[in-house]
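The values are calculated or read from the model by the stated rules, or taken from the named source; none is laboratory data. This is a predicted model, so every value here is computed, not measured. Neighbour counts run over all protein chains shown; Cβ positions are idealised from the backbone, glycine included. Please note that ligands, DNA and RNA were not included when accessible areas were found on the heavy atoms of the full protein model with its side chains. Shrake-Rupley method; radii C 1.70, N 1.55, O 1.52, S 1.80 Å.
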Amino acid sequence: MTRAVYPGSYDPVTNGHLDIIGRAAHLFEEVVVAVLINKNKRTLFDVEERQEMLREVTSQWDNVRVDSWHGLLVDYCRENDIKAIVKGLRAVSDYDYELQMAQMNHQLTGVDTLFMQASPQYSYLASSLVKEVATYGGDVSTLLPASIEQRLQQRLAETR
């Protein structure tokens with residue numbers, strides 16, 4: 001089975017993430033959307049909430065499953081017989097960082113990284129930017145699935 005992992009923090013999942021997930025789902029027999037756990041990163045939603053949101057919005061693809069991981073991504077790949085990492089690229093600045101990471105991952109375990117360019121309508125989209133705009137009352141309804149936007153607004157209201 002050709003299997004790939006699409007790692008990220010997904011805090012929260014955006015339409016840009018879903019675009020990459022859907023496109024990857026057409027290329028691989030299975031795509032694992034892995035919520036990476038970084039104890040040093042302050043998130044709005046906990047890991048279980050992010051997984052739940054991802055399961056909800058990826059349910060349209062039968063070959064997509066959601067998981068989480070704390071540690072080196074290549075160890076996750078090794079333990080789950082995953083040969084490819086999918087990374088979405090929005091700009092040249094993403095490429096500089098991701099290329100270095102891809103080369104390190106390949107050196108460590110031989111896992112390959114597939115870079116997918118962001119669709120133009122999502123090339124500026126980042127979860128952190130969405131959270132910032134929403135925090136100040138900006139309209140993010142076109143940037144997230146409706147159910148995720150609702151949860152984001154709810155969480156922001158709780159933290160005010």
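A few points about this structure:
- 13 Å beta-carbon shell around residue 10, net charge (K/R +1, D/E -1): -2
- For region 21-91: rounded, prolate or oblate by the Cα gyration tensor [a/c cutoff 1.5]: oblate
- Net charge contributed by nearby residues that have their C-beta within less than 14 Å of residue 146 (K/R +1, D/E -1): -2
- Normalised by the number of residues in region 1-90, the average gap of Cα pairs under 8 Å and 6 or more apart makes the relative contact order 41 percent.
- Taking 145, 120, 12 as the candidate residues, the one with maximal mean-square fluctuation in a Gaussian network model of the chain, Cα springs under 10 Å, is 120.
- Label corresponding to Rg/Rh (Cα atoms, Kirkwood Rh) when calculated from the structure given, among [x] 1.03; [y] 0.95; [z] 1.08: [y]
- Three-way shape label, region 39-79, alpha-carbon gyration tensor, a/c 1.5: oblate
- Fluctuation leader among 113, 14, 43 - the chain, Gaussian network, Cα springs under 10 angstrom: 43
- Order of exposure, largest accessible area first, which applies to 1, 53, 104 with probe 1.4 Å: 1, 104, 53
- For 131, 41, 83, the ranking by accessible surface with the largest value first comes to 83, 41, 131, using a 1.4 Å probe.
- The charge dipole of region 56-160, taken about its Cα centre with unit charges on the Cβ atoms of Lys, Arg (+1), Asp and Glu (-1) only, comes to about 180 debye.
- Ranking of 151, 42, 90 by solvent-accessible surface, largest first: 42, 90, 151 (1.4 Å probe, protein heavy atoms only, all chains present).
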